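This is the structure I have questions about; it appears just below.
The values are calculated or read from the model by the stated rules, or taken from the named source; none is laboratory data. Predicted, not measured: the structure shown is a model, and the values here were computed from it. Cβ placement follows ideal geometry from the backbone for every residue including glycine, while neighbour counts extend to all protein chains displayed.
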Amino acid sequence: MKKLLYILLIISVVLISGCTAKEAPDAAGAYEAAIDKLYNEDEALNLNIKYLAVDTTKMKNLTEESKKTFLKNLEKYGLTVLDTTSAELEKNGYINDTNFEEGILFNLEDEQMKNNTIKMNVSKFRSGLGAIGYEGMELKYRNGKWEIKDTGSPWIS
C-alpha cells in the first residue's frame, strides 16, 4: 500500500509540474531590439541629438514594471529618454514644423504576443523628410533572448 501511495504521489507531482504554464517572456527586450536596429540605421538622423523619445501608448505587451526597465535601458545611448507622443512633443515645443531638431522619436505599434513572437510596425522619426521604419517586423524569443526573425517591409521618407 505504501508503495502504491508513493507511486501516486510521484505521478501527481510530475503531472502538476508538467501542467504549469510557462510565463511569457518580458516583451521589453523585443522593443529594445527593434529600437537598436533602427537607431543604428540611417545614423544621419541621430546627428547632434539630445533626446530619444519613445511613444509607448501602442505597445500592447508592455507592463508598467517592464516599461520602467525598458526606458532605463535606452539610457545606454547617452541621451535624455522621453516617454511621450508626437502630439505631446509638438505641444511642448520639441517638434516645430514637423522637425524634431534635437531628437528622434520611436513609434512601436505591436500585436499581442503569440508563441513567444511579437509582430510590430516600428519607425524612427526626425522630420517629415527624415524618417525610417519597418512594417510587420517580427521578433522571436528563443534561447533566452529576443531576436529579429523578419524585419518586414522597410520604408523611408
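Filter segment 48-81 for residues that are touching a helix residue (DSSP H, G or I) at 6+ places or on another chain (Cβ under 9 Å) and of a type in the set (S, T, N, Q) and give the result.
T56, N61, T63, S66, T69, N73 - these are the residues of segment 48-81 that are touching a helix residue (DSSP H, G or I) at 6+ places or on another chain (Cβ under 9 Å) and of a type in the set (S, T, N, Q).
Suppose we filter segment 112-157 for residues that are free of Cβ contacts under 8 Å to residues at least 60 places away in the same chain and β-branched (V, I, T); how many remain?
Residues meeting the conditions: 1.
Failed condition for N121, given (1) polar (S, T, N, Q); (2) within 19 Å of A27 (Cβ to Cβ); (3) at pLDDT below 95, with all others met?
Going through the list (1) polar (S, T, N, Q); (2) within 19 Å of A27 (Cβ to Cβ); (3) at pLDDT below 95, N121 breaks only (3).
Let me ask something else about it. Does S86 meet the test of being at pLDDT 95 or above, buried (at least 16 other Cβ atoms within 10 Å of the Cβ) and polar (S, T, N, Q)?
yes
Determine whether K124 is of a type in the set (K, R), closer than 18 Å to G152 by Cα and under 14 Å from the mean Cα position of the chain (by Cα).
Considered against the rule, which asks whether it is of a type in the set (K, R), closer than 18 Å to G152 by Cα and under 14 Å from the mean Cα position of the chain (by Cα), K124 comes out as yes.
Can you tell me which residue within segment 132-157, out of those that are of a type in the set (G, A, S) and out of contact with any Leu (no Cβ under 8 Å at 6 or more places or on another chain), is surrounded by the fewest Cβ atoms within 10 Å (Cβ to Cβ)?
G144
Continuing with this model, one more query. Which of the strands (runs of 3 or more DSSP E) found entirely inside segment 93-157 contain at least 2 residues meeting this: among the aromatic types (F, W, Y)?
130-142
For K50, indicate whether it is within 26 Å of G136 (Cβ to Cβ), touching an Asp or Glu at 6+ places or on another chain (Cβ under 7 Å) and modelled with pLDDT of 95 or more.
Taking the combined requirement at face value, the residue does not satisfy it.
Right, here's the next one. Take the residues of segment 64-83 that are more than 14 Å from Y39 (Cβ to Cβ) and among the hydroxyl-bearing types (S, T, Y): which is modelled with the highest pLDDT?
T80
Let me ask you something else. Could you check, for segment 107-125, whether at least one of its residues is loosely packed, with under 14 Cβ neighbours inside 10 Å and closer than 17 Å to L45 by Cβ?
no
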